[in-house]
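Some notes on the structure that comes next.
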């Protein structure tokens, strides 16, 4: 009976003690809590949750930062609620860039389930936009819920970002602190793509002899194939002990990766600790590549202080641009076509064009290329560049546009005008007056009554007393490609020859008599008909001409 009373008293005491003792509190912390960055640098901060063994199923928080110094690019879900394979609902909050806040970041397990081990709740991708200064990363409205929707006690640890000015002649201490870095820190890959990441350690002159770490990743979109030792501890020819760790792709972890130098030596220069071969198994999504359980040891077995840069993997297939192929256009005619592309991830696509011929346009809204080549742009236009991007990955096609010369036939106004009337002995001026807009070399052909008389652009036809009647003048112009012809009709009137002085239709004594009446007379233009040869004096020569045609009907 005494024993029963004693045991009962002890149980009651323990219950009372448990009520008054402080309860374990979950830790919500910005990691690293203090980070030094440079102007223009992009970097990642983690907000981690350590339940300290408590079962939790959801969390929420807000974030405040100095918007004058930092720009928040994105908020990415971490692995804390997915580490046991659970499905989750995640809201990355509302970023207010002018206020420097993110409101209502929420993550919760969908379905029955909980976690009780530490992990990353969110990853914050920042870019430094300030010259120098300090920004607090403050957590507020923080709540962690257990599976029964009861609040879990917690403590928060905020962060500080110190921006190091490039003009500072005395670099801050972090510049001499060893660095552990996932390289590249941000990488975009396609679905089903194999890729590699390196984990690099830069001792910054500090002697190190060993290192260990774990890796956490999103198992739903990534698979680790193997871990290969790098050259870090072998760079001076040392022998090493290396363990590639235990890969668990069902949990998204690799645990207990370590390497150490065998023998009395150390390294002080940067090298690759491990190379990670992985495959993207998800069609899209973002995964952190988070290092944990880290220790970098000096030769005495003591841990050294380091700065950590984790990695981020984005699975994103590039857009697929429909083939454009080579294009052919004619001078003076519109060439127009639209670009078309698809994106497996449903991303918004942007289109662009460059190295276009003079006068060509590309409408980015309608994705339309349009060009009407001028009549002086025949030829080949290579490497006309068309590109489409989803904001992350871009694809392009360079095409050649061939412009075919479009010949423009020469044009001309013929002289004399069609239907012109002339008199016998008139000189008829024949001309093409041709214009060729292509500046081609022109050839001319002039025919009178189907007889070619000239290959020049003009010709003087001196008619005679036998040319009375209708005549056709044909003028042709050839530019090397096309022959343009025009035919003119003219009429030449009959005119009595000057030796038929009295114009009675016959050369007889009457004509000679008229010449005789004016013998030795000096004449001036217009010369009278009795000055038959129009030499300015009536003399024997005029008599001779009339005599030569005596009796001729005119």
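The values are calculated or read from the model by the stated rules, or taken from the named source; none is laboratory data. Because the structure is predicted, anything quoted here is derived from the model rather than measured. Here Cβ is always computed from backbone atoms with ideal geometry, including for glycine, and neighbour counts include all displayed protein chains.
Please return the ranges of strands (runs of 3 or more DSSP E) entirely within the range 291-376 where 2 or more residues are farther than 16 Å from residue 389 by Cα and at pLDDT below 95.
The strands (runs of 3 or more DSSP E) meeting that bar are 307-309, 311-315.
If a residue has to be touching a strand residue (DSSP E or B) at 6+ places or on another chain (Cβ under 6 Å) and either closer than 22 Å to residue 70 by Cβ or not in a strand (DSSP E or B) (or both) to count, how many in the range 101-112 make the cut?
Within the range 101-112, residues that are touching a strand residue (DSSP E or B) at 6+ places or on another chain (Cβ under 6 Å) and either closer than 22 Å to residue 70 by Cβ or not in a strand (DSSP E or B) (or both) number 5.
Go through the range 530-554 and report how many residues are touching a helix residue (DSSP H, G or I) at 6+ places or on another chain (Cβ under 8 Å) and assigned to a loop (DSSP other than H, G, I, E, B).
7
When you check residue 134 against the structure, is it in a strand (DSSP E or B), over 16 Å from residue 61 (Cβ atoms) and at pLDDT 90 or above, yes or no?
no
From (1) in a helix (DSSP H, G or I); (2) assigned by TED's automatic domain parsing to the domain that holds residue 415, pick out the condition that doesn't hold for residue 459.
(1)
Considering 479, 467, 500, 511, which residue is surrounded by 18 or more Cβ atoms within 10 Å (Cβ to Cβ) and under 60 Å from the mean Cα position of the chain (by Cα)?
Being surrounded by 18 or more Cβ atoms within 10 Å (Cβ to Cβ) and under 60 Å from the mean Cα position of the chain (by Cα) holds for just one of 479, 467, 500, 511, which is 479.
Name every residue in the range 148-161 that is crowded, with 18+ Cβ neighbours inside 10 Å and either out of contact with any strand residue (DSSP E or B) (no Cβ under 8 Å at 6 or more places or on another chain) or not in a strand (DSSP E or B) (or both), in order of residue number.
If the condition is that a residue be crowded, with 18+ Cβ neighbours inside 10 Å and either out of contact with any strand residue (DSSP E or B) (no Cβ under 8 Å at 6 or more places or on another chain) or not in a strand (DSSP E or B) (or both), then 152 is the only one that fits.
In this structure, does residue 145 turn out to be within 23 Å of residue 313 (Cα to Cα), in contact (Cβ under 8 Å) with a residue 12 or more places away in the chain and either surrounded by 14 or more Cβ atoms within 10 Å (Cβ to Cβ) or not assigned by TED's automatic domain parsing to the domain that holds residue 64 (or both)?
no
With the structure loaded, tell me whether residue 425 is under 12 Å from residue 475 (Cα atoms) and in contact (Cβ under 8 Å) with a residue 40 or more places away in the chain or whether it fails that test.
Judged against the criteria, residue 425 is not a match.
Against the definition (at pLDDT 90 or above and either outside the structural domain of residue 216 (by TED's automatic domain parsing) or crowded, with 20+ Cβ neighbours inside 10 Å (or both)), how does residue 58 come out, yes or no?
yes
Out of (1) at positive phi; (2) surrounded by 13 or more Cβ atoms within 10 Å (Cβ to Cβ); (3) within 41 Å of the chain's Cα centre (by Cα), the odd one out for residue 439 is which?
(2)
Considering only residues that are at positive phi and either in contact with a helix residue (DSSP H, G or I) (Cβ under 8 Å, 6 or more places away or on another chain) or part of a loop (DSSP other than H, G, I, E, B) (or both), which ones fall in the range 467-517?
The answer is 480, 503, 505.
Given 359, 346, which one is surrounded by fewer than 18 Cβ atoms within 10 Å (Cβ to Cβ), without any contact (Cβ under 8 Å) to a residue 12 or more places away in the chain and farther than 30 Å from residue 33 by Cβ?
346
Exactly one of these conditions fails for residue 352: (1) within 24 Å of residue 320 (Cα to Cα); (2) surrounded by fewer than 18 Cβ atoms within 10 Å (Cβ to Cβ); (3) over 12 Å from the mean Cα position of the chain (by Cα). Give me its number.
In the conditions (1) within 24 Å of residue 320 (Cα to Cα); (2) surrounded by fewer than 18 Cβ atoms within 10 Å (Cβ to Cβ); (3) over 12 Å from the mean Cα position of the chain (by Cα), residue 352 misses (3) alone.
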